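Each remark here refers to the structure printed beneath this line.
Where a number appears in this text, it was derived from the coordinates with a stated rule and is not lab data. Since the model is a prediction, treat every value here as computed from it, not as a measurement. Don't worry about glycine lacking a Cβ; one is built from the backbone with ideal geometry, like all the others, and counts go over all protein chains shown.
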Amino acid sequence: MIQSSTSDQLILLAYGELKGAEASALIAQIGSDPELAQEWDSIKLITSELSETMLSPSDTSLKIVLEHSCKTEHAQEI
């Protein structure tokens, strides 16, 4: 089982947040540990899919937020 801290480091590596010697050491570890390499592949796939997905609120959600904003704006003026 992969330790949580290692999983966290893999996520940081996937998003380019792990730098220098720490990143190099983890990449070397991925190359020598098949289980870690499998988790790395899964994380890369997931982060790639997340990056490609454009999420935007529904029209109904936007309407609700705008209506609430209008109501609270007028209430603050009183």
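Values computed for the structure shown
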item: Under Karplus coefficients 6.51, -1.76 and 1.60, residue-wise ³J(HN,Hα) of region 60-69 in Hz, glycine/proline x; result: 5, 4, 4, 4, 4, 5, 5, 5, 5, 4
item: Amide hydrogen neighbours beyond the local backbone of LEU18, cut-off 5 Å, H modeled; result: LEU13
item: Pairwise FRET efficiency - SER61 versus SER7, Cβ, R0 = 35 Å, nearest 0.05; result: 0.60
item: Nearby lysines by direct alpha-carbon distance to LYS44 (threshold 20 angstrom, same-chain neighbours under 8 apart not counted); result: LYS19
item: ³J(HN,Hα), Karplus 6.51/-1.76/1.60, whole Hz, each residue of region 38-51, x for Gly, Pro; result: 5, 5, 4, 4, 5, 5, 4, 5, 5, 5, 5, 5, 5, 5
